[in-house]
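Colleague: Let me give you the structure first, and then I'll get to my questions.
The values are calculated or read from the model by the stated rules, or taken from the named source; none is laboratory data. Values in this document were obtained by computation on a predicted structure and should not be read as measured data. Cβ atoms come from the backbone with ideal geometry, glycine included; neighbour counts cover every protein chain shown.
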């Protein structure tokens, strides 16, 4: 697109970084996942891409980031991949009518992907745009904690079991630590906990390069690593978290599967400490980063909601480009992945 209202840019290097940062910061729906930091993070997850709407004065009026994520080993991942978009596209109201053109550019960039999946953080304002471009809506939940009440009110919002768990863990002399930058050893120890946890429940997780990028390439204020140590100084729980505007994102969390240690209720204390940390940082919301489909039983959702958050249906939009390959991904490849894990 290039006309009197501006042009679309699909090369991140041609976008002024400061104008990009300013646009996302000022947009009411701008999230971490629209920022240059997110683009940097996406390099570790797949092949990143961007579609930006720039007006005739060179100012951003819209932006959407995505990355193409392969499935399986290199021998098959050219045939089996997907494009993921977090947080939707954001467009200034004055140019809202150009959302179709932005989406068409995204579709063109990702026409070889088996499917394109858009994961919302808000109830979607572009639902009609997506539907008329071949996307189908899929219900999906999220959980958000409002951190603005007092600490006493936040604690009271936890279920009785979680409150008791926090109190029990506090008597066990566990040490909580939060740092914007951690050592290579801390990152290695933390990643081993994430790997152990996600492998156990057979859910895919990023390579270590993702967490290295968070630690070394993202701006300092947009990241925080949280750790819980036992009385011997061994790291037992680890979380890589993201921060943007007024929101704290619980990105990835892993814990040691040690039955004796778990009797001390460390996860109750850890999650409570995460909420308190976010509140001390002046943030208003804690985003648990997904709670599964409302049509399926999901133990993780049942656990997360016990911390007093609000369950929201923000939904997802999916467009399938290659139906046969899509079917193979969610039948054959998914089963193979679980067997290998």
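Colleague: Can you tell me which residue is surrounded by the most Cβ atoms within 10 Å (Cβ to Cβ) among those in the stretch 138-152 that are in contact with a helix residue (DSSP H, G or I) (Cβ under 8 Å, 6 or more places away or on another chain) and either in a strand (DSSP E or B) or in contact (Cβ under 8 Å) with a residue 60 or more places away in the chain (or both)? Break it down into steps so the answer makes sense when it comes.
Modeller: Start the filter on the stretch 138-152 by keeping residues that are in contact with a helix residue (DSSP H, G or I) (Cβ under 8 Å, 6 or more places away or on another chain), which leaves 141, 143, 145, 147, 149, 151.
After this cut, where a residue has to be either in a strand (DSSP E or B) or in contact (Cβ under 8 Å) with a residue 60 or more places away in the chain (or both) as well, the list is 141, 143, 145, 147, 151.
Details: 141: 19, 143: 22, 145: 25, 147: 21, 151: 13.
Only one residue fits best here, namely 145.
Colleague: Which condition does residue 337 not pass, out of (1) surrounded by 15 or more Cβ atoms within 10 Å (Cβ to Cβ); (2) at pLDDT 95 or above, if it passes all the others?
Modeller: The one condition residue 337 does not meet is (2).
Colleague: Scan the strands (runs of 3 or more DSSP E) fully inside the stretch 25-111 and keep the ones with 1 or more residues being touching a residue at least 24 places away in the same chain (Cβ under 8 Å) and either over 22 Å from the mean Cα position of the chain (by Cα) or outside the structural domain of residue 330 (by TED's automatic domain parsing) (or both). Working first, answer last.
Modeller: Details: elements: 47-54, 60-70, 81-86.
Result: 47-54, 60-70.
Colleague: Before we move on, is residue 302 in the same structural domain as residue 198 (by TED's automatic domain parsing) and either within 23 Å of residue 172 (Cα to Cα) or not in a helix (DSSP H, G or I) (or both)? So that I can check it myself, show each step before the final result.
Modeller: Working: in the same structural domain as residue 198 (by TED's automatic domain parsing): yes; either within 23 Å of residue 172 (Cα to Cα) or not in a helix (DSSP H, G or I) (or both): no.
No: the conditions fail for residue 302.
Colleague: Which residue, of 99, 105, 83, is within 15 Å of residue 318 (Cβ to Cβ) and either surrounded by 19 or more Cβ atoms within 10 Å (Cβ to Cβ) or at pLDDT below 95 (or both)?
Modeller: Details: 99 fails: within 15 Å of residue 318 (Cβ to Cβ); 105 fails: within 15 Å of residue 318 (Cβ to Cβ).
Just one listed residue meets the conditions, 83.
Rundown of residues vs (1) under 17 Å from the mean Cα position of the chain (by Cα); (2) surrounded by 14 or more Cβ atoms within 10 Å (Cβ to Cβ); (3) modelled with pLDDT of 95 or more, yes/no style:
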| position | (1), (2), (3) |
| --- | --- |
| 123 | yes, no, no |
| 171 | no, no, yes |
| 187 | no, yes, yes |
| 198 | yes, yes, no |
| 201 | no, no, no |
| 209 | yes, no, yes |
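Colleague: Can you tell me how many residues in the stretch 121-137 are assigned to a loop (DSSP other than H, G, I, E, B), out of contact with any helix residue (DSSP H, G or I) (no Cβ under 7 Å at 6 or more places or on another chain) and within 17 Å of residue 100 (Cα to Cα)?
Modeller: Counting residues in the stretch 121-137 that are assigned to a loop (DSSP other than H, G, I, E, B), out of contact with any helix residue (DSSP H, G or I) (no Cβ under 7 Å at 6 or more places or on another chain) and within 17 Å of residue 100 (Cα to Cα) gives 4.
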